[in-house]
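Before we start, here is the structure in question, set down as structure tokens.
Values in this text are rule-based calculations from the coordinates and carry no lab data. Note that this is a predicted model, so its numbers are computed, not measured. Cβ sites come from the backbone with ideal geometry, for glycine too, and all protein chains shown count toward neighbours.
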Amino acid sequence: MSDRDKKREEKERLMREVLNKDRKTINPDEAVELSLGIKEEVEELADTMKSSNDALDALKAVLEKQKKDLEEMSMLNGLDTNEMVKIQQEIKEDYGVESEPQAIEVLPSDSGEIFEEILKEVTKKVVVEEDTLRQLTTAFRRPFVMGETKGKAKNVILVTGPIGSGKHSSLTAMVRSIYERQIFISDEIYTIDMSLYQSGSQEQIFLQDLYKCLTGKGSVICFENFEIGFPAFLRMLDDLVCEGKTVLSKRYVLNKGILVENQTGLVKEAVDSLSVEGKYLVFMTTKGTKAVQDAFGANFLYHVLDTVTFPALDEGRLNLVIHSKMQELQQRARVNLKLDVKDSKEIEEWVMKHFDKTQGADAIHDLFQDFYISLSQQVLEKQIPENATAEMMVENDLPIASVGTDKITLSRTKTSAEEIEAVNKELDEIVGLDMVKNYIKSVQSHIKMQEIRRAQGMKTGEVSKHMIFTGNPGTGKTTIARLLSRYMKAIGALSRGQLVEVTRADLVAQYVGQTAPLTMSVIKSALGGVLFIDEAYSLYRGKDDAFGLECIDTIVKAMEDHRDDLIIILAGYKKEMEVFMESNSGLKSRFPNIINFPDYTGEELRKIAQIQAKSKGYVISEEALPKLEEFFNEVQEVNAAEAGNGRLARNVIEDAILTQSKRLLENPNDPMDELRLSDFDFTIKVKPA
């Protein structure tokens, strides 16, 4: 008898041992017979088996109970892991049930051969260098060679490399391949983004997420952005790595599977610590081992047994990624859009030339996603017959697709020409502030040049966009901040473009430990836009103002952590802001753009008054204009700060409209939209500065 026949016979014997039944589909109406020493247990349930569901549930329970016997017999009879997986699949197909999977705790002596197969398989799926993948394979094989330390993680792995170098795709492919050989019971990779937990008030949320990962079926937990994690939570991770567990500062209990703080004193089965036993911990960073040293310290690094460094993809591998993404685009278009997209070498060359080199393969993925979205839009808007052809080509250095008689642009820019034009128009209509306008427009030129350098793989020199606006009330600081946020969104410098306007009361709490969480919650609401802090100097009330200093420290850290998608503008009086900048050594260097908003001249206030009147449906008579400008000059000389600058012009117009209403009641034939000289009150009401 051949080896193949022997193995086939052994498979049949094993299933007869487990199920004591020929391989056939279960008839729900038939009685279920089971053996292997547990027949008596099943007979006790026979009276209650009145439906097919009862029978199937009982059979599943039996399979669970006999699983270890099956695994032991398979090892004794020379069946490998792949054959065991096939047997389970056959049981599922023949009997319509599936037992809970279980990982192999001890690999056979040929674990090297198994992981070599895994390496070959993963190498075919990703375009990363084999040496790098071999490092990753070694990291996962290590506990099967060295053995595990009770109470500790299976292994602690540091994965470094630039964005788009294949770190995530390689890890995913590796875990999937290990799972398919039943070494893991799940192919899920739990990811904890440490940037999401930025204050002590989020402790319970963090612990809930961490507990779910530590107790889940997945064998791998990946920690990202730990470089900017909250220190208290980083200490917990340090304990997990170095000690194998972290002791919680509060007692928790499980409520429907969720970890919640216990409020009732001593309880049974309380959770007062978390253990990492049985898990692989993967720490992923783009900043190398120095980032780990800064975040955790030397003892942490001592427990990292494998450091896997992913180099940036070379041109050859990038071409492979591009070609793979082209094939993926064709497949998605064929299945979902019913479009036959023709392969285009010209398009692939365009992508190679234009993708953001600093983002690696991620940028390539984004470009092809843009192509797919553009094709989808064409299908949604046009009546395109199924299996129509889409010819992809490059015209005027732009990727396009020809579908029937239509040509569509495939690239999707992050800038909005319409919004840029609208903001520029509003800027032009603002009276004065030429220096401010010129600065805002210069930012666009800088960003465009950086995009060109980035696409060509050159170093980019990002400039700080954080600003300080100084000047008296009413000089246009808030108006310019609002336009600036829209402008930055339109040119692609910000992702959302909202303006969040706050003061000290919105940032500084009244009790110890509350200021940092409060400040962080405001900062999070402003991410992707502009955080405008009016009267910012009020944040610092002297060296004894612990709450204010805590707020400033939190802002400084957030500026560093979110410098690519957050602009902070501090506004206030010039002298007070100069004192404020001395309260924190990091403020001056982080706010290089100081823009002074001068008081308006009488002429500028007269122009503002005319705009205000026009917006309300009125015009100012020619005879009133010279006197109005003269009045504004006099007021500004007395006390511009108290007068309110632009607010002065608005108040004068509103008072004139009220006076005009009284006049029209007495003279109903006068024009209703005209503000005459007699309607204005030129009394100077402010006190000298």
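What does the extension gain come out to for Glu315 and Ser411, with contour length at 0.36 nm per residue minus their alpha carbon separation?
Numbers: separation 96, 0.36 × 96 = 34.56 nm, distance 2.20 nm.
Gain in length upon complete extension: 32.4 nm.
Output needed for the range 417-597: three equivalent-ellipsoid semi-axes, defined as square roots of 5 times the C-alpha gyration tensor eigenvalues, in descending order, whole Å. Please report the intermediate quantities before stating the final value.
Working: eigenvalues 157, 74, 43 Å².
Output for the range 417-597: semi-axes of 28, 19, 15 Å.
Where in the range 645-689 is the amide nitrogen less than 18 Å from a point lying 7 Å along the Cα-to-Cβ axis of Glu630?
Within reach of a label on Glu630: 676-685.
To the nearest 0.05, what FRET efficiency results for Ala270 and Lys217 with a Förster distance of 22 Å applied to their C-beta separation? Kindly include the intermediate steps, with their values, before the conclusion.
Details: r = 24 Å, r/R0 = 1.08.
Efficiency computed from Cβ-Cβ geometry: 0.40.
Would you mind computing, in nm to one decimal, how far apart the modelled labels at Ser521 and Ser464 are, each placed 7 Å from Cα along Cα→Cβ?
So the two model labels end up 2.9 nm from each other.
Still on this structure, I have one more. Strictly greater than 15 Å: what percent of every Cα pair in the range 150-198 meets that?
Values: 740 of 1176 pairs.
Considering the range 150-198, 63 percent of its Cα-Cα pairs are separated by more than 15 Å.
Assuming 0.36 nm per residue, please report the length gained on full extension of the stretch His323 to Lys382 beyond their Cα-Cα distance. Walk me through the intermediate numbers first.
Working: separation 59, 0.36 × 59 = 21.24 nm, distance 2.83 nm.
Gain on extension, His323 to Lys382, equals 18.4 nm.
I would also like to ask the following. Taking R0 as 41 Å, what FRET efficiency do you get between Gln208 and Lys616 from their Cβ-Cβ distance, rounded to the nearest 0.05?
On the way: r = 54 Å, r/R0 = 1.33.
Computed FRET efficiency for Gln208 and Lys616: 0.15.
For the range 315-409, state what percent of all Cα-Cα pairs lands in each successive 5 Å bin, counting from 0 Å until the bin that includes the largest distance.
Calculated P(r), rounded to whole percents: 3, 13, 27, 25, 18, 9, 4, 1.
For the range 566-689, evaluate the Debye formula with one uniform point scatterer on each Cα (no solvent term) and list log10 I(q)/I(0) at q = 0.13, 0.14, 0.16, 0.21 Å⁻¹, rounded to two decimals.
Normalising to I(0) and taking log10 leaves -0.64, -0.69, -0.81, -1.12.
Right, next: Over its Cα atoms, what ratio of radius of gyration to 2.2 N^0.38 Å does the range 491-578 give?
Numbers: Rg = 12.9 Å, N = 88, 2.2 N^0.38 = 12.1 Å.
My calculation over the Cα atoms of the range 491-578 gives 1.07.
Alpha carbon centre of the range 319-388 versus the range 203-217: separation in Å?
The distance from the Cα centre of the range 319-388 to that of the range 203-217 comes to 38 Å.
Taking Cα pairs under 8 Å and at least six residues apart, what relative contact order does the range 315-409 come out at, in percent?
Working: 108 pairs, mean separation 28.3, N = 95.
That works out to 30 percent.
Follow-up question, since we're still on this one. Give me the distance in nm between label points sitting 7 Å out from Cα along the Cα-to-Cβ direction at Asn438 and Asp294, one decimal.
According to this spin-label approximation, the distance is 3.7 nm.
With θ set to phi - 60°, apply the Karplus curve 6.51 cos²θ - 1.76 cosθ + 1.60 along the range 514-527 and write out the HN-Hα couplings as whole Hz, x wherever there is a Gly or Pro.
In residue order, the calculated couplings are 9, 5, 4, x, 5, 4, 5, 5, 5, 4, 4, 5, 9, 4 Hz.
Now for a separate question. Would you kindly derive the ³J(HN,Hα) couplings of the range 540-557 from the backbone phi angles with the Karplus curve 6.51 cos²θ - 1.76 cosθ + 1.60 (θ = phi - 60°), listing them in order in whole Hz, with x for Gly and Pro?
For the range 540-557, the Karplus curve yields 10, 10, x, 5, 8, 7, 4, 5, x, 5, 5, 4, 5, 4, 5, 5, 4, 5 Hz.
What distance in nm separates the two pseudo spin-label positions at Glu576 and Glu674, each 7 Å out from Cα along the beta-carbon direction?
4.5 nm
Where does each of Asp356, Asp272 land when they are ranked from fewest to most other beta-carbon atoms within 10 angstrom? Numbers along the way, then the final one.
Numbers: Asp356 18, Asp272 12.
So the ranking, lowest neighbour count to highest, is Asp272, Asp356.
Extension gain Ser195-Lys338, at 0.36 nm per residue separation less the Cα-Cα distance, in nm?
Working: separation 143, 0.36 × 143 = 51.48 nm, distance 4.08 nm.
Extending this stretch completely gives an extra 47.4 nm.
What residues of the range 464-501 lie in the reach of a label at Ala422, counting those whose backbone N is under 17 Å from a point 7 Å from the Cα along Cα→Cβ?
So the set is 480-499.
Calculate the FRET efficiency for Lys287 and Phe682 from the Cβ-Cβ distance with a Förster distance of 51 Å, rounded to the nearest 0.05. It would help to have the intermediate numbers written out before the result.
Details: r = 64 Å, r/R0 = 1.26.
Efficiency at R0 = 51 Å is approximately 0.20.
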